[in-house]
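Quick notes on the structure that follows.
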Ligand SMILES: Nc1ncnc2c1ncn2[C@@H]1O[C@H](COP(=O)(O)OP(=O)(O)O)[C@@H](O)[C@H]1O
Ligand SMILES: [Mg+2]
């Protein structure tokens, strides 16, 4: 395995909140272009893992390599500039702005100059601003929000807000895309649509997905990581995970479709 | 809510807009409406203008960046001291004093931002307050720079070219136009890509960093801009008062700005001028009614918080909502009670409106 082909290389990563060990010595290697699903009961440490990767809080121990580069101590913004995009488990959109403005802002962080003092209006005559708005339109269409651009985020349905989250993550043109329960609260139709969007992602995007829904996990992932109590207890193909006695035991024989 | 509903909501002539136009006309006619211009213009008119401008810088930070800074009066005071120093200690012309004052105030704001930016919420408030106290104790002790308690005086207005600043009317109109310029500038900044990013930071700083934004750098830039606005207020103040002493950076002055911002409506950039007018009127006339000026101001403050939490600027909206309810409640009316105001489309539209109103006003 060549070092340079690793999108993510996590070694001995741990995180304690006071006395609570939310993450205990995690190791995970992800190849470029892989599709990984992460499952586990509530409180297993999945979101904590995302937050550590994104740099929301510092790791207690361990090392994070992104595309062969040590980013363990880099700021969140710098990691984003290296190609890491993530969505949040609880929606944290800009509520007082429209859907289109949300994506417009998302485009400004990495690629364009977000500090520009030009008017950011769709009617603006500036070529850079115009170009950015047309990209906003395309991103919204990609997540089926093409006709919702001028709607205030607060007036979007839950499902639409999650789709908007995805559009904002895609705006970064990420190399590694991390989605935290993107289908939570989705209707079956919305789920089917999400699977379609995820499958249509360009092959070079590496995907790390926290997902409740085993069908979505199966349909999109080539590898599943099972978390429990801050530890990785299993890693394998979706079929291996489905048939694992250890996993069944942890979920008390409940149907794996309920596994969060 | 559908898109066309949002636009139709915006198109409706609002009672608020009418009130603003009336207030603007009143502001331009003000020097000719009062019986004793020598008292009213400086003590009520121009004082309301600079109080409003300084409070506007506070509201800008609060509304678009989500920071509550108590250092805005301190920054205004530093710019006033800067201009006063050039005039009193260096015997410089006011055309040199003004830019130096603005520069010193803005720079001070930038340095305060560097110190305060890493703190959040109540800590940010406390640190800006503490910095204000440091500046106050320096101002009241340094003989060489600030003349300690005596302050820098006299700071006289001079005629510059065809601008007869010594003329009270001229000074008033220049101050008024500068204040409106500050307002338009704030609205403009809020509608740029930079302003949108600031509003994103207000709503969700975590997400902004995840999108690759250096949140602290944006906060520092916004605080520096708002310091410039506060400095403009400080310059108007120093020529209104004809002197600068430690009182301008003392705690009561800081609290005045907070009161003006809250009474005017903490989310409204233009409401501050209502708040400022209320405060100057109370300040000058409550002595006739009661010895307890502070008590009366405090009571007005509490009444506003209780009955008009969106401040005086929100009263127009509250009234429209009330009328609508009397006519029979509909879902749309409920939505109109608090229309989201931060959309840049609305922002630019309103800025345009203001410019229109402005040109109308100056033709009168
Ligand atoms: N910022 C935090 N401060 C303190 N405890 C936290 C924090 N974030 C997560 N935790 C704790 O860490 C554990 C793992 O949480 P989390 O990673 O959110 O689980 P999951 O996403 O797998 O449901 C939980 O016990 C949670 O309470
Ligand atoms: Mg979680």
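Please treat every number below as a calculation from the coordinates, not as lab data. Here the structure is a predicted model, which is why all the values come from computation and not from measurement. Methodologically, a virtual Cβ is constructed for each residue, glycine included, from the backbone with ideal geometry; neighbour enumeration extends over all protein chains shown.
Laid out as a table, the results:
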quantity	calculated
Subset of region A:153-178 (residues that are touching a strand residue (DSSP E or B) at 6+ places or on another chain (Cβ under 6 Å) and not in a helix (DSSP H, G or I))	A:172, A:174, A:176, A:177, A:178
Residue among A:92, A:150, A:124, A:116 that is surrounded by fewer than 21 Cβ atoms within 10 Å (Cβ to Cβ), within 16 Å of ligand 1 (Cβ to nearest atom) and either assigned to a loop (DSSP other than H, G, I, E, B) or within 8 Å of another protein chain (Cβ to nearest Cβ) (or both)	A:92
Those residues of region A:67-79 which are assigned to a helix (DSSP H, G or I) and in contact with a helix residue (DSSP H, G or I) (Cβ under 6 Å, 6 or more places away or on another chain), in sequence order	A:76, A:77
Test for residue A:141: is it assigned to a helix (DSSP H, G or I), more than 18 Å from the chain's Cα centre (by Cα) and surrounded by fewer than 14 Cβ atoms within 10 Å (Cβ to Cβ)	yes
Qualifying helices (runs of 4 or more DSSP H) (wholly inside region B:233-315; at least 3 residues being free of Cβ contacts under 8 Å to residues at least 24 places away in the same chain)	B:271-289, B:293-307
Residue within region A:103-112 that is assigned to a strand (DSSP E or B) and either surrounded by 16 or more Cβ atoms within 10 Å (Cβ to Cβ) or more than 10 Å from chain B (Cβ to nearest Cβ) (or both) present	no
Matching option when the condition is touching a residue at least 24 places away in the same chain (Cβ under 8 Å) and out of contact with any helix residue (DSSP H, G or I) (no Cβ under 6 Å at 6 or more places or on another chain), among B:172, B:183	B:183
Unmet requirement for residue A:188, which otherwise passes all of (1) touching a helix residue (DSSP H, G or I) at 6+ places or on another chain (Cβ under 7 Å); (2) surrounded by fewer than 22 Cβ atoms within 10 Å (Cβ to Cβ)	(1)
Residue that is farthest from the other protein chains (Cβ to nearest Cβ), among those in region A:11-25 that are within 16 Å of ligand 2 (Cβ to nearest atom) and surrounded by fewer than 16 Cβ atoms within 10 Å (Cβ to Cβ)	A:20
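Every residue, every condition in (1) out of contact with any helix residue (DSSP H, G or I) (no Cβ under 6 Å at 6 or more places or on another chain); (2) within 14 Å of another protein chain (Cβ to nearest Cβ); (3) within 16 Å of ligand 2 (Cβ to nearest atom), yes or no:
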| site | (1), (2), (3) |
| --- | --- |
| A:27 | yes, no, no |
| A:33 | yes, no, no |
| A:37 | no, no, yes |
| A:40 | no, no, yes |
| A:46 | yes, no, yes |
| A:49 | yes, no, yes |
| A:52 | yes, yes, yes |
| A:65 | yes, no, no |
